[in-house]
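To keep things clear, I will list the structure first and then write my remarks on it.
The values are calculated or read from the model by the stated rules, or taken from the named source; none is laboratory data. This one's a predicted model, so the numbers in the text were calculated from it and none came from an experiment. All Cβ positions, even for glycine, are placed from backbone atoms using ideal geometry, and neighbour counts span all protein chains on display.
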Amino acid sequence: MAGPAASVLLPDVLTAEGTVRLRRWLEGSFRSEGGDWWTPHADTGAGMLLVEPEDYESDEFEEAESLIGALGFLPATEIVLAAALHRPESHRMLATTALELAVLYDGFVDFDGLLPPVAATLPGRLFTIASGPLATVDDGWHVGDAEFLRAWLRHPGFRMVK
């Protein structure tokens, strides 16, 4: 069973220096397999976490407008994070990794869906991004900053989107 996923959105394309910095960071606890980076956390029961930087692509005008309005930029790079398992430990591992990368690159976390309503009451910035021309609040997804994710990790209702 696949676990939750998220991305860290960056305003710029990763430069050679940024790529080297990411590689050094990944080499600290991850292993490379077929060009993808995985971290084993068998001791915590969290399973594996995929980390994969790629160019950000958006086919929807409304999505691009919504992201620019919320973040002040259209992402150029996203670092995709995907947990292999759907366990509380996997959710926490995904979130802490996303937080570290958001701080490292001054990026925003794309939660790949909507968080529960209580999330909107927490400190930090949390935005709802529209997913199409007729999107309602329930049709979008959340993007938040590092301050928000720190608060969300401490909240008793914490979970990432599955």
* Select from region 116-130 the residues that are touching a Phe, Trp or Tyr at 6+ places or on another chain (Cβ under 7 Å) and crowded, with 16+ Cβ neighbours inside 10 Å and write down the one among them that is modelled with the lowest pLDDT. => Ile129
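The rows are residues; the columns are (1) touching a strand residue (DSSP E or B) at 6+ places or on another chain (Cβ under 7 Å); (2) among the basic types (Lys, Arg); (3) modelled with pLDDT under 85.
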| position | (1), (2), (3) |
| --- | --- |
| Asp43 | no, no, yes |
| Gly47 | yes, no, yes |
| Leu67 | yes, no, no |
| Leu71 | yes, no, no |
| Pro75 | yes, no, no |
| Leu85 | yes, no, yes |
| Ala95 | no, no, no |
| Leu101 | yes, no, no |
* Asked: Does at least one position in region 131-152 carry a residue that is basic (Lys, Arg), more than 18 Å from Val8 (Cβ to Cβ) and buried (at least 16 other Cβ atoms within 10 Å of the Cβ)?
  -> no
* Criterion violated by Gly113 - all others in (1) out of contact with any Phe, Trp or Tyr (no Cβ under 8 Å at 6 or more places or on another chain); (2) loosely packed, with under 15 Cβ neighbours inside 10 Å; (3) closer than 26 Å to Phe30 by Cβ; (4) not aromatic (Phe, Trp, Tyr) satisfied -> (1)
